[in-house]
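The values are calculated or read from the model by the stated rules, or taken from the named source; none is laboratory data. Source: prediction; values computed, not measured. Here the Cβ positions follow ideal geometry from the backbone for every residue, glycine too, while neighbour counts run over all protein chains shown.
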Amino acid sequence: MLTETAPRTTRTKTTNVGLEMDYSCICGRRFATERGMKIHRTKMGCLSMSSQQQRTAIADKTLENQSQVQNHSAEEIQAEHRDDVARHPSSDKRHKINFPPESSGKQWEDLDSKIVLKIDSLLGKSTLEHKLATFGDIVYQTCLDTFGAKQHQTKFPPQRSRRQLEMDTLRKQKRKLKKQIRAASSEETNGLLAIWRQLKARHSALSRAESARKKRSQKRKNQERFIRDPFQFARQLFQQPKSGTLTVEREELETHLKKTYSDTTREIPWEETTGLVWPAAPGIKFDSKPPSLQEVIAVVNKARAKSAPGPNGVPYLLYKRCPNVLKKLHKILRSAWKNIKISKEWMTAEGIYIPKEQDSRGINQFRPISLLNVEALRPDIVIHSASTQQIIMVELTAPYESRMEEAHAFKEEKYLELTKELKKDGYEAKVMPVEIGARGFVGSSAYDLLSKLSIGGKKRTKALRLLAETAENSSRWIWSRRNERLLHKD
């Protein structure tokens, strides 16, 4: 079993040579004994302060505060630093950019023009593969050189008020009087008890005043949280707390991944289902042209500005504030669509384990999420028919073992506003989330999509097999229950 170490604590042990014992806390104070350091950290809150560090591991001590839209947001997932747990190398973890406020229009305009000039100078005559591979790196490096990385600010505990200091003094005096009362004679006991009662009355009055102050402060904070985000506040009232430490060996984690995300029966052909009623073939073919600039802008505007970035470190916020950079990205996307090119960076995800319940420890009590690059986060397929004014948006996802129905419903809700706008413009719009790479419940979504497009028989069987194989080769976060029969709808 893995053991945890106290972060940022310096210890010097006593040796036979005469070296002094020295224990240093995170706040800078030094102690002669380890017990004294632990008492200090407990009273002053240094232990809780040291745990407020951003996540750098995929398996670690976590505390999740879920956001309103759980598409790719992991901004409030925190963990203690652990060097002995399986995770990505620290060199691959990119620092968050210290972007200016959204109201700083001049800074965003300067950044927009600077990135465009850098892209034109470095990717002017490059190949499409090179553009797809280095576009995100150029954007990230330019932002890092311009604004720098976010610096982690150490949060020190607040200073204690005069009332709290007086309460500590009274508590010590009461404790000291208790010891004197036990050792005092019968003549002195009554006088010491009278003094102790006076101290107790004063301490009780201060405690009531401090309790009332804390209640007022908590009430004010709750009011501010409710005004800032009523949905999030109401949701936290009913959701269960989620925390815990994933303590597994690397071999156990790799065995779990292999058992969960592999399929030994993928070569077994699927059986045909008889008795199905095939829909009529569409009279007019769908328009499979690349997505337009307006479609890309609509997807970017729909995403949350605080969504966590992918492995390349570029968040949605950049493309929201830099329209010229988004136009450059759109041109590359159109070229990739026409030439049927998929960048390897788009198929790379940063995996993070999040606890499902309170005090989670085992691997089955955590769920993985995958953070993709922003450049790959868009409707994977947009099928458009100008003559019949029909649009089908397909979102390809990799399913997980739990909460599949909720994830499927969320994918439909993700483009709900965009669908409403298209319907107002006279289009018949439909969003179809497709969980690929698995059979059972999630396999029916791919089946429904192919049936909607009037693809059946052997072509549909071949397409479903290709979807599963491509998903397994592209990502390791694929649900494992692909050995079950596909659930067809009679």
Qualifying residue in region 161-183 (condition: assigned to a loop (DSSP other than H, G, I, E, B), surrounded by 11 or more Cβ atoms within 10 Å (Cβ to Cβ) and at pLDDT 90 or above): yes
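Residue check: is residue 424 at pLDDT 75 or above, charged (D, E, K, R) and either out of contact with any Lys or Arg (no Cβ under 7 Å at 6 or more places or on another chain) or closer than 29 Å to residue 133 by Cβ (or both)?
Working: at pLDDT 75 or above: yes; charged (D, E, K, R): yes; either out of contact with any Lys or Arg (no Cβ under 7 Å at 6 or more places or on another chain) or closer than 29 Å to residue 133 by Cβ (or both): yes.
The answer is yes for residue 424.
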Close pairs from region 273-287: first closer than 16 Å to residue 459 by Cβ and modelled with pLDDT of 70 or more, partner assigned to a loop (DSSP other than H, G, I, E, B) and of a type in the set (Lys, Arg), Cβ under 7 Å, at least 6 apart: none
Pairs, first free of Cβ contacts under 8 Å to residues at least 40 places away in the same chain in region 361-375, second surrounded by 19 or more Cβ atoms within 10 Å (Cβ to Cβ), C-beta under 9 Å, six or more apart: 367/353; 367/354; 367/355; 367/400
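Just checking, which of 291, 241 is surrounded by 12 or more Cβ atoms within 10 Å (Cβ to Cβ) and closer than 30 Å to residue 374 by Cβ?
On the way: 241 fails: closer than 30 Å to residue 374 by Cβ.
Result: 291 is the single residue among 291, 241 that is surrounded by 12 or more Cβ atoms within 10 Å (Cβ to Cβ) and closer than 30 Å to residue 374 by Cβ.
May I ask you to verify whether residue 188 is of a type in the set (Asp, Glu), surrounded by 13 or more Cβ atoms within 10 Å (Cβ to Cβ) and at negative phi?
Details: of a type in the set (Asp, Glu): yes; surrounded by 13 or more Cβ atoms within 10 Å (Cβ to Cβ): no; at negative phi: yes.
No: the conditions fail for residue 188.
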Residue within region 358-374 that is surrounded by fewer than 17 Cβ atoms within 10 Å (Cβ to Cβ), on the phi < 0 side of the Ramachandran plot, modelled with pLDDT under 80 and within 24 Å of the chain's Cα centre (by Cα) present: no
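Quick one: which helices (runs of 4 or more DSSP H) sit completely within region 244-359 and have at least 3 residues that are within 25 Å of residue 453 (Cα to Cα)? I'd like the intermediate steps shown before the answer.
Working: elements: 250-260, 293-302, 316-321, 323-339.
Correct list: 293-302, 323-339.
Among the residues that make up region 456-479, is at least one of them of a type outside the set (Val, Ile, Thr), modelled with pLDDT of 65 or more and not in a helix (DSSP H, G or I)?
Step one: filter region 456-479 for residues of a type outside the set (Val, Ile, Thr), giving 456-460, 462-469, 471-477, 479.
Subsequent filtering for residues that are modelled with pLDDT of 65 or more retains 456-460, 462-469.
Imposing the further condition that a residue be not in a helix (DSSP H, G or I) reduces the set to 456.
Within region 456-479, one or more residues are of a type outside the set (Val, Ile, Thr), modelled with pLDDT of 65 or more and not in a helix (DSSP H, G or I).
Taking region 414-428, which residues are in a helix (DSSP H, G or I) and of a type outside the set (Ser, Thr, Tyr)? Let's see the steps before the verdict.
If we filter region 414-428 for residues that are in a helix (DSSP H, G or I), which is where we start, we get 414, 416-424.
Those that are in a helix (DSSP H, G or I) and of a type outside the set (Ser, Thr, Tyr): 414, 416, 417, 418, 420, 421, 422, 423, 424.
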